[in-house]
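Colleague: Right, I'll just put the structure down here and ask away after.
Every number in this text was worked out from the coordinates using simple rules, so none of it is lab data. Note that this is a predicted model, so its numbers are computed, not measured. Positions of Cβ are generated from backbone atoms using ideal geometry, with glycine treated the same way; all protein chains shown enter the neighbour counts.
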Amino acid sequence: MRPLVRAGLLGLTGIALLFAAWTIAARKLDNTILLPPPTALLAGLRETLLDGTLVRDLAASLKRVLCGFGLAATTALALVVATVSFRPMRQLVLPVLALLRPIPPIAWVPIAILWFGLGDSPSYFVTAVAAFFPIFVNSLAGVGIVEEQHLRAARCLGAGRLALIRFVYLPSALPNVFTGLKVGLGQSWMAVVTAELIAAQSGLGYMIELNRLQLETPRVLVGMLVIAVVGALMTLSLSWAETLLFPWRLQQRRKGTT
Amino acid sequence: MAHEQLALPSRQNTTPLPRPSLHGRGAVTLDSLSVRFAGGGREAVALANVDLAIAPGEFVAILGPSGCGKSTLLNVIAGFERPSAGRVLVDGGPVSTPGPDRPVVFQQHSLFPWMSALDNVAFGLRMAGQASTRARERARHYLGLVGLGDFHHRYPHELSGGMQQRVGLARALAVEPTILLMDEPFGALDAQTRVLMQEQLLRLWERWRHTVVFVTHDIDEAVFLADRIVVLGLLPNIVRGAFDVALSRPRSRGARASAAYQSLYNALFDLIRQESQKTFGTTDTVTAP
């Protein structure tokens, strides 16, 4: 427990140092448009909370991420099942995906606007693209790493083909699928902000861009802070869920690193 | 690490053990069995022309140096690998697939890490069509037999290596097989735990008397456990000899002090040493004074 407390204290100190440096730099620079002090950020946070815009924009972004992410998870997992159960499918699909994968989500924004106009739809598309690849790649790798020994053990205890899939292949793949979902959610959270900067009239990305145009820098920073905190919370809660769901994985990883 | 307790099957809190009626089943016959592996353009011979008849209820140890094909032999009986020539018969019928009449206890890491000890043991019973509550009840009983009744909710990564092997043994026993295949099951354990495991295995087996094929490279283990020891040789990988173990049953650790144990141990030691040296070229004769 003591190393954990120590790590927590050091982490908090790091954040405190960041704010201290920021305060000093803001005072030296003395330009509230280029760099407002942290106190202005707090005031901005209060204002946007009170006038309801922050909650509204956050809700819009979250809704888009969840829809896009859901769409990506469904298609990626369906495609994994298809590639696993039908071999030629793998050879058919993998080169296409290898070709599309290097295109960053932001490069999809213009074409998404052309196809879907402004509003929620292009954001759904871009977040789905961002989440799709981590989910697909990790899940496919997960299906490949089943232990021969577990298959043998199950077979000599009487497991047939269906039982092998349900009791060996699936539980072997699930931790990697979950890792894919975790990374995918993080990617789509970043992508939604990118999409909203350009292609939306609500959401945290839109809020940042609008306030930049109005030179309301504290509100720009409020938007960035909320993006950071929500993203970190997503990752943290999913990592926590991971240790609850797949406790043996943590053990394996520890063994692997020592 | 707190040392493990190897509890005897406690009679007061478990239902009387229904001794599976084996009806003289569990005979294994290897009929001029050969296994070759093709790989990298070359063909490796894992086993050449092995003949072996194992009687129902017999405890046979397969002993030999690394590379002699002893695990391959077990894998063929288990149905994991196909013979290149010859046949494997179990109770007169040819073996084609793995089956719960002859489960395998592996060396390590064969428990399903996503299942509790209880569910690991219940797995074979579920596969046999038993309802989950009934299967768990039976599994609890078999965990009790290996002294792990209180550890049923633990996951494999929360158990020591020795405990994991006992869960593996309970998992194999739970399907009430006629043949038990054991592939160096205690090979990865520390010496103290290994000896305790051997004694526990004997106590369980002496009540059951199913056929056991036990692969090991440990001479002491083979002599202490088996009725008969089959030694596999290297280059060619053939049966180099079969030895009856003239130690009375039930055996206890005192058996190791007997003259019969000593002389058989020495004979096997010399034979295995001869075989192992084949992969060392002539080093031994050069350095001999």
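Colleague: Expressed as an acute angle from 0 to 90° and rounded to the nearest 10, what is the orientation of the C-alpha long axis of helix B:259-277 relative to the principal long axis of chain B?
Modeller: Roughly 60 degrees, rounded to the nearest 10.
Colleague: Then there's this: Can I get the semi-axes of the range A:6-83's equivalent ellipsoid? Compute them from the C-alpha gyration tensor as square roots of 5 times the eigenvalues, in angstrom, largest first.
Modeller: 38, 21, 12
Colleague: Using only Cα atoms and rounding to the nearest 10 degrees, what angle (0 to 90) does helix B:161-174 make with the longest principal axis of chain B?
Modeller: 80 degrees
Colleague: Sticking with this one: With each pseudo-label sitting 7 Å past Cα toward Cβ, what's the A:Thr75-B:Asp91 distance in nm, one decimal?
Modeller: Modelled inter-label distance: 5.5 nm.
Colleague: State the dimensionless ratio Rg/Rh of the range A:24-142 (Rg: radius of gyration of Cα atoms; Rh: Kirkwood radius). Spell out each step's value before the answer.
Modeller: On the way: Rg = 20.7 Å, Rh = 17.5 Å.
Rg divided by Rh gives 1.18.
Colleague: Let me ask something additional. Give the average over all directions of the projected area of the C-alpha convex hull of the range A:92-235, one decimal, in nm². Kindly include the intermediate steps, with their values, before the conclusion.
Modeller: On the way: hull surface 44.4 nm².
Across all orientations, the range A:92-235 yields a mean hull projection of 11.1 nm².
Colleague: Rounded to whole Å, give me the distance from the Cα center of the range A:1-66 to that of the range A:72-93.
Modeller: Distance between centres, Cα-based: 42 Å.
Colleague: Using helices alone, I'd like the mean residue ellipticity at 222 nm for chain B: each DSSP H run of four-plus residues gives -39500 (n - 2.57), total over residue count, nearest 500.
Modeller: About -10500 deg cm²/dmol.
Colleague: What average count of beta carbons from other chains do you get within 10 Å of the Cβ of residues in B:109-121?
Modeller: If you average over the peptide's residues, the count of other-chain Cβ atoms is 4.
Colleague: Can you work out the Karplus-derived ³J(HN,Hα) for every residue in the range A:125-130? Use 6.51 cos²θ - 1.76 cosθ + 1.60 with θ = phi - 60°, whole Hz, and x for glycine or proline.
Modeller: 5, 5, 5, 5, 4, 5
Colleague: Starting from one equal scatterer on each C-alpha and no solvent at all, send me the Debye-based log10 I(q)/I(0) for the range B:57-151 at q = 0.10, 0.12, 0.14 Å⁻¹, two decimals.
Modeller: -0.38, -0.54, -0.71
Colleague: With axes computed from alpha carbons, what is the tilt in degrees of helix B:132-145 against the longest principal axis of chain B, rounded to the nearest 10 within 0 to 90?
Modeller: Relative to chain B, helix B:132-145 is tipped by roughly 60 degrees.
Colleague: By its C-alpha gyration tensor, with a ≥ b ≥ c as the square roots of the eigenvalues, how is the range B:135-257 shaped: rounded for a/c under 1.5, else prolate for a/b larger than b/c, else oblate?
Modeller: prolate
Colleague: Between rounded, prolate and oblate, where does the range A:53-108 land on the alpha carbon gyration tensor, with a ≥ b ≥ c its root eigenvalues, rounded for a/c under 1.5, else prolate if a/b exceeds b/c? Kindly include the intermediate steps, with their values, before the conclusion.
Modeller: Numbers: a/c = 7.36, a/b = 2.09, b/c = 3.53.
The shape class here is oblate.
Colleague: So what's the back-of-envelope 222 nm ellipticity for chain A, counting only DSSP H runs of four-plus at -39500 (n - 2.57) apiece and dividing by all residues, rounded to 500? Numbers along the way, then the final one.
Modeller: On the way: 12 runs with 214 residues, N = 258.
That calculation yields -28000 deg cm²/dmol at 222 nm.
Colleague: Now, a different point. May I ask for the distance between the Cα centers of the range B:94-145 and the range B:182-203, given as a whole number of Å?
Modeller: Centre-to-centre (Cα) distance: 20 Å.
Colleague: If you don't mind, there's one more thing I want to ask. Using all C-alpha to C-alpha distances in chain B, build P(r) with 10 Å bins and read off the rounded percent in each one.
Modeller: Taking all Cα pairs of chain B, the binned fractions are 6, 27, 34, 23, 8, 1, 0 percent.
Colleague: Could you work out the relative contact order of chain B, using alpha carbon pairs under 8 angstrom and six or more residues apart, expressed as a whole percent? Don't skip to the end; give the middle numbers.
Modeller: Values: 534 pairs, mean separation 68.3, N = 289.
In percent, rounded to a whole number, it is 24.
Colleague: Based on Cα coordinates alone, diagonalise the gyration tensor for the protein assembly as shown, multiply each eigenvalue by 5, take square roots, and list the semi-axes in whole Å, largest first.
Modeller: 62, 26, 24
Colleague: Checking the a/c ratio against 1.5 first, then a/b against b/c, what shape does the Cα gyration tensor give for the range A:155-258?
Modeller: On the way: a/c = 5.14, a/b = 2.65, b/c = 1.94.
Note, shape of the range A:155-258 comes out prolate.
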